[in-house]
Amino acid sequence: MDNTMERWYNAIKKRVSIRKYTGDPTKEEFEALKETAKYLSCPQARIVVRRKSGVFDPLIGKTVSGTSTFAVIITGGGDDEDYMAGTVGEAFVLECTAMGLGTCWLGLSYNRGVVNSGVKLKSRNEKIRCVISIGHFSETPSKGRTRKTIYNLTGMEESVYKKLPEWQRRAVEAGRLAPSARNAQPWEFDILKDSLQVACISANFGYGALDCGIAMLHLELGAAHCGVYGSWEIKDRLPLFKAEIEE
């Protein structure tokens, strides 16, 4: 499979949320992060990488310390932009993980004034959707948080689930590990013939669709790990991954 997608797939199980850092990325790493942000950005959602002191002070909610480097996820207007924001943002997070850097998705725990002063919006339609902290770390926190069961996610009994093609099982298992605001996992996965559909079941404090975008990337990476590729479309207002499988 594509080396980049495999790199991100392997990073899924390594990724944890890091809030206490031992330092900023090096100059070389910072430049690499900017290139990654440029590569992943699209009209619906773009990423800007910055380094500014005071970005995590004063704090709201849980503390973030030890770094001044962050990425800003900016949506550009249009339909389904939050799905894309989650997808490109999580691709960036997984690339950071593969580089050995820690990250954390942040909806509130940052100084909005500092972020706003460091980011220039291109139009009235653009808005800052969230921030991702980035840095080096020495201690990896416990993953402790529970995840929904396969049955809760798909409605399938274990005996039925085990009969699915491997690519669908890998996709669901990767999707199950996707991060979300407050670990709410505001999604369900519908398993269809040669396709997977994501249902956003909660607004999740305004981050539900963005969270589903994160899960969408995980699903696609799980499928790609098995050599199955495809494309996303919005059907009945829900994201649908259609696999390209040769008969």
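The values are calculated or read from the model by the stated rules, or taken from the named source; none is laboratory data. Small disclaimer: the values here were computed from a predicted structure and weren't measured. All Cβ positions, even for glycine, are placed from backbone atoms using ideal geometry, and neighbour counts span all protein chains on display.
Take region 114-165 and flag every residue that is free of Cβ contacts under 8 Å to residues at least 60 places away in the same chain, assigned to a loop (DSSP other than H, G, I, E, B) and among the charged types (D, E, K, R).
Residues satisfying the conditions are Lys120, Lys122, Arg124, Glu126, Arg145, Arg147, Lys148, Glu157, Lys162, Lys163.
Residue check: is Phe56 crowded, with 19+ Cβ neighbours inside 10 Å, in contact with a helix residue (DSSP H, G or I) (Cβ under 9 Å, 6 or more places away or on another chain) and modelled with pLDDT under 95?
Yes.
Yes/no per residue for (1) surrounded by fewer than 23 Cβ atoms within 10 Å (Cβ to Cβ); (2) more than 21 Å from Val93 (Cα to Cα); (3) assigned by TED's automatic domain parsing to the domain that holds Cys104:
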site: Leu177; (1), (2), (3): yes, no, no
site: Asn204; (1), (2), (3): yes, no, no
site: Ala215; (1), (2), (3): no, no, no
site: Gly230; (1), (2), (3): yes, yes, no
site: Arg237; (1), (2), (3): yes, yes, no
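With respect to Gly118, determine if the residue is touching a Cys at 6+ places or on another chain (Cβ under 6 Å) and surrounded by fewer than 18 Cβ atoms within 10 Å (Cβ to Cβ).
Spelling it out, it is not the case that Gly118 is touching a Cys at 6+ places or on another chain (Cβ under 6 Å) and surrounded by fewer than 18 Cβ atoms within 10 Å (Cβ to Cβ).
Out of all the residues in region 231-246, is one or more touching a helix residue (DSSP H, G or I) at 6+ places or on another chain (Cβ under 7 Å) and β-branched (Val, Ile, Thr)?
For region 231-246, residues touching a helix residue (DSSP H, G or I) at 6+ places or on another chain (Cβ under 7 Å) and β-branched (Val, Ile, Thr): absent.
Is it true that some residue in region 168-191 is modelled with pLDDT under 95, more than 21 Å from the chain's Cα centre (by Cα) and not in a strand (DSSP E or B)?
no
Filter region 11-51 for residues that are surrounded by fewer than 15 Cβ atoms within 10 Å (Cβ to Cβ) and in contact (Cβ under 8 Å) with a residue 24 or more places away in the chain; which is nearest to Glu95 (Cα to Cα)?
Going through the qualifying residues, I end up with Lys14.
With respect to Trp232, is the statement that it is touching a Lys or Arg at 6+ places or on another chain (Cβ under 9 Å) and over 13 Å from Lys148 (Cβ atoms) true?
Judged against the criteria, Trp232 is a match.
Which condition breaks for Gly77 when tested against (1) out of contact with any Ser or Thr (no Cβ under 6 Å at 6 or more places or on another chain); (2) part of a loop (DSSP other than H, G, I, E, B); (3) on the phi < 0 side of the Ramachandran plot?
(3)
Residue under question is Ala171, and the condition is that it be under 25 Å from Phe205 (Cα atoms) and either of a type outside the set (D, E, K, R) or in the same structural domain as Ser202 (by TED's automatic domain parsing) (or both); does it hold?
no
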